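I have placed the structure first, in the form of structure tokens, so that the comments after it can refer back to it.
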Amino acid sequence: MYSGMNRFRRYQLNKTTESVLNFGHPWILNGKLSTAISAFQDGDWMRLVSGSNETLGFGIYSSSGPIGIRIIQRGNEFSLPQLKRTIEKALELRKPLRTKTNAYRLLHGENDLIPGVTVDRYGSTWVVQTYSQSLRKFSRLVVRILYSIAPKLEEPIPKQIVWISPQRIGSEKSLPVRFLRGKKEIPFEEKIFVNQVQWKTKIPGQKGGFFLDVRNLRQYILEKPELARDRDCLHLFSHTGLTSVCLEEAGANSVFSADGAKEALEEFVSHILPEDQVLNFEKKNTIFTKGKHHLVRADLFQDWGFLQDRKFSLIVLDPPNLTPNQAAILAGKKAYRSLITKALFHLEPGGDLILLSCSGRILESEFEKIGRETLANKGWKYKDLYKLRPEPDHPTRKEFPEGKYFKVHIYKKCEPLDQ
């Protein structure tokens with residue numbers, strides 16, 4: 001039993017919220033809470049009881065945002081040994097990754113039964129992010145346990161542990177970056193590898209300068225180089241360019257990368273130019289060329305004129321989250337269809353189209369429907385559809401469908417129907 005049991009304040013669930021907890025979902029939404037919640041403050045730890053006063057689980061209250069209670073444990077007693085076992089199980093899942101990369105997600109929030117807290121490893125640094133300020137104490141407890149058990153599970157001890165303020169709750173103020181261990185001038189660089197590709201990433205940075213969940217595609221490209229070999233490739237929403245560099249490593253003839261973010265593209269070119277050379281992406285729709293790479297800053301939701309009539313035999317389409325809230329779902333689906341339609345115009349017959357989605361509110365079946373229907377409506381067929389599975393550091397749970405947010409669909413050998 002947790003020695004701080006008296007910190008848990010009793011809250012009685014109604015039938016609706018009791019069923020949510022019993023089903024195994026990690027969230028109780030604010031709109032489902034009773035008026036008794038007004039007695040609680042942001043960050044309160046809660047003992048959740050049934051109508052018959054049976055303790056069913058434990059949670060943490062958040063007064064801002066749609067998620068009212070994050071359920072941190074089920075059962076009639078809060079157990080630190082159980083929390084430790086949960087974290088140990090998460091580390092066990094990551095073991096196979098350590099020979100392939102030194103950048104992966106150690107804890108994946110709700111999907112690892114640690115709601116609202118992620119811990120990412122970038123070389124010798126751990127980056128801790130909580131998705132609500134109400135979880136700060138909980139995140140520190142989780143990190144202490146993670147740090148203490150890491151040696152036993154052969155997880156390298158970090159030199160730095162960086163805590164990042166929540167960035168997804170509009171009503172919460174951003175807090176300064178804090179070091180929970182070690183200290184360095186911000187930003188600093190970490191040396192990363194993915195298979196044979198070496199990379200430097202800035203800490204802190206958006207997603208650490210690249211997206212860990214895209215590693216399944218990057219490793220697929222590196223381990224099946226025939227996908228890109230001798231092909232002209234187009235990478236749309238390229239961010240800081242790690243996927244583009246993997247295409248080059250796999251033997252691409254050329255890689256055309258486009259993104260709307262000036263800072264991301266400038267970081268990209270820092271990886272492919274000598275240190276004394278810099279490029280400025282203030283001006284949109286201007287193409288820069290360096291070796292096999294062509295880079296352009298463009299608004300990809302509006303203007304693709306910079307491509308003119310260029311054709312590519314491999315296109316990677318990786319837009320940002322298009323459904324940030326429930327109200328955006330219809331617009332998000334429409335945007336995907338529009339982007340796929342534009343991509344098909346630039347795809348050579350017999351080429352491959354890779355579609356990625358980090359829009360959690362569009363389920364995988366719906367995303368597949370969008371892809372299939374758009375190709376059919378535009379008069380295209382394909383030979384195979386291959387779906388990449390999430391890597392071990394991005395597990396999913398059937399009780400939490402929202403956690404299966406990331407999808408990679410590869411449409412092989414696409415051709416117009418009239419050919």
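The values are calculated or read from the model by the stated rules, or taken from the named source; none is laboratory data. Predicted, not measured: the structure shown is a model, and the values here were computed from it. Neighbour counts run over all protein chains shown; Cβ positions are idealised from the backbone, glycine included. Accessible surface areas use protein heavy atoms only, side chains included; no ligands, DNA or RNA. Shrake-Rupley method; radii C 1.70, N 1.55, O 1.52, S 1.80 Å.
I need the full set of residues from region 198-244 which are assigned to a strand (DSSP E or B) and either among the acidic types (D, E) or farther than 29 Å from F301 by Cβ (or both), in order please.
Q198, K200, I203, D232
Check region 372-379 and report whether any residue there is in a strand (DSSP E or B), at pLDDT 95 or above and more than 17 Å from the chain's Cα centre (by Cα).
no
Name every residue in region 254-278 that is loosely packed, with under 15 Cβ neighbours inside 10 Å and either in a loop (DSSP other than H, G, I, E, B) or aliphatic (A, V, I, L, M) (or both), in order of residue number.
Passing the criteria: P274, E275, D276, Q277, V278.
Hey, among the residues in region 279-299 that are touching a strand residue (DSSP E or B) at 6+ places or on another chain (Cβ under 6 Å) and in a loop (DSSP other than H, G, I, E, B), which one's most open to solvent (accessible area, probe 1.4 Å)?
Taking region 279-299 as the starting set, the residues that turn out to be touching a strand residue (DSSP E or B) at 6+ places or on another chain (Cβ under 6 Å) are 279, 281, 284, 287-288, 292-296, 298.
So of that shortlist, the ones also in a loop (DSSP other than H, G, I, E, B) come out as 279, 281, 284, 287, 292, 298.
On the way: L279: 50, F281: 0, K284: 97, I287: 58, K292: 81, A298: 2 Å².
It comes out as K284.
Can you work out which of the residues in region 392-407 that are open to solvent by 40 Å² or more (accessible area, probe 1.4 Å) and within 13 Å of the chain's Cα centre (by Cα) is modelled with the highest pLDDT?
Ranking the candidates gives T396 first.
Return yes when E348 is within 22 Å of the chain's Cα centre (by Cα) and either open to solvent by 60 Å² or more (accessible area, probe 1.4 Å) or of a type in the set (A, V, I, L, M, F, W, C) (or both) and no when it is not.
So E348 does not fit the description; no.
Looking at R231, R218, which is the one that is without any contact (Cβ under 8 Å) to a residue 40 or more places away in the chain and either in contact with a strand residue (DSSP E or B) (Cβ under 8 Å, 6 or more places away or on another chain) or of a type outside the set (S, T, N, Q) (or both)? I'd like the intermediate steps shown before the answer.
Details: R231 fails: without any contact (Cβ under 8 Å) to a residue 40 or more places away in the chain.
Among R231, R218, only R218 is without any contact (Cβ under 8 Å) to a residue 40 or more places away in the chain and either in contact with a strand residue (DSSP E or B) (Cβ under 8 Å, 6 or more places away or on another chain) or of a type outside the set (S, T, N, Q) (or both).
Among L180, L135, which is in contact with a strand residue (DSSP E or B) (Cβ under 7 Å, 6 or more places away or on another chain) and crowded, with 19+ Cβ neighbours inside 10 Å? Walk me through it before giving the result.
Working: L180 fails: crowded, with 19+ Cβ neighbours inside 10 Å.
The conditions single out L135.
Table: residues versus (1) out of contact with any Lys or Arg (no Cβ under 9 Å at 6 or more places or on another chain); (2) at pLDDT 95 or above.
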{"position": "G59", "(1), (2)": "no, yes"}
{"position": "G65", "(1), (2)": "no, no"}
{"position": "G68", "(1), (2)": "no, yes"}
{"position": "I72", "(1), (2)": "yes, yes"}
{"position": "P81", "(1), (2)": "yes, yes"}
{"position": "I87", "(1), (2)": "yes, yes"}
{"position": "E92", "(1), (2)": "yes, yes"}
{"position": "K95", "(1), (2)": "yes, yes"}
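Does region 58-74 contain any residue that is open to solvent by less than 40 Å² (accessible area, probe 1.4 Å), part of a strand (DSSP E or B), under 30 Å from K202 (Cβ atoms) and polar (S, T, N, Q)?
There is no residue in region 58-74 that is open to solvent by less than 40 Å² (accessible area, probe 1.4 Å), part of a strand (DSSP E or B), under 30 Å from K202 (Cβ atoms) and polar (S, T, N, Q).
Here are some residues: I410, I362, I354. Which one is open to solvent by less than 50 Å² (accessible area, probe 1.4 Å), in contact with a Ser or Thr (Cβ under 7 Å, 6 or more places away or on another chain) and either in contact (Cβ under 8 Å) with a residue 24 or more places away in the chain or part of a strand (DSSP E or B) (or both)?
I362
Can you tell me which residues in region 315-327 are in a helix (DSSP H, G or I) and open to solvent by less than 70 Å² (accessible area, probe 1.4 Å)?
Answer for region 315-327, where residues must be in a helix (DSSP H, G or I) and open to solvent by less than 70 Å² (accessible area, probe 1.4 Å): there is none.
Please go through region 331-351 and pick out each residue that is assigned to a helix (DSSP H, G or I) and more than 19 Å from L385 (Cα to Cα). Please lay out each step first, then the result.
Of the residues in region 331-351, the ones assigned to a helix (DSSP H, G or I) are 331-345.
A331, G332, K333, K334, A335, S338, K342, F345 - these are the residues of region 331-351 that are assigned to a helix (DSSP H, G or I) and more than 19 Å from L385 (Cα to Cα).
Quick one: would you say F312 is within 13 Å of S254 (Cβ to Cβ) and open to solvent by less than 30 Å² (accessible area, probe 1.4 Å)? So that I can check it myself, show each step before the final result.
Working: within 13 Å of S254 (Cβ to Cβ): yes; open to solvent by less than 30 Å² (accessible area, probe 1.4 Å): yes.
Spelling it out, F312 is indeed within 13 Å of S254 (Cβ to Cβ) and open to solvent by less than 30 Å² (accessible area, probe 1.4 Å).
Restricting to region 374-404, count the residues that are within 20 Å of L347 (Cα to Cα) and free of Cβ contacts under 8 Å to residues at least 24 places away in the same chain.
Initially, region 374-404 is screened for residues within 20 Å of L347 (Cα to Cα), giving 374-387.
The next check asks that each one be free of Cβ contacts under 8 Å to residues at least 24 places away in the same chain; those that pass are 376-377, 387.
Adding up the residues that qualify gives 3.
Please work out which residue is modelled with the lowest pLDDT, limiting yourself to region 1-51 and to residues that are within 15 Å of G75 (Cα to Cα) and part of a loop (DSSP other than H, G, I, E, B).
Here the answer is M1.
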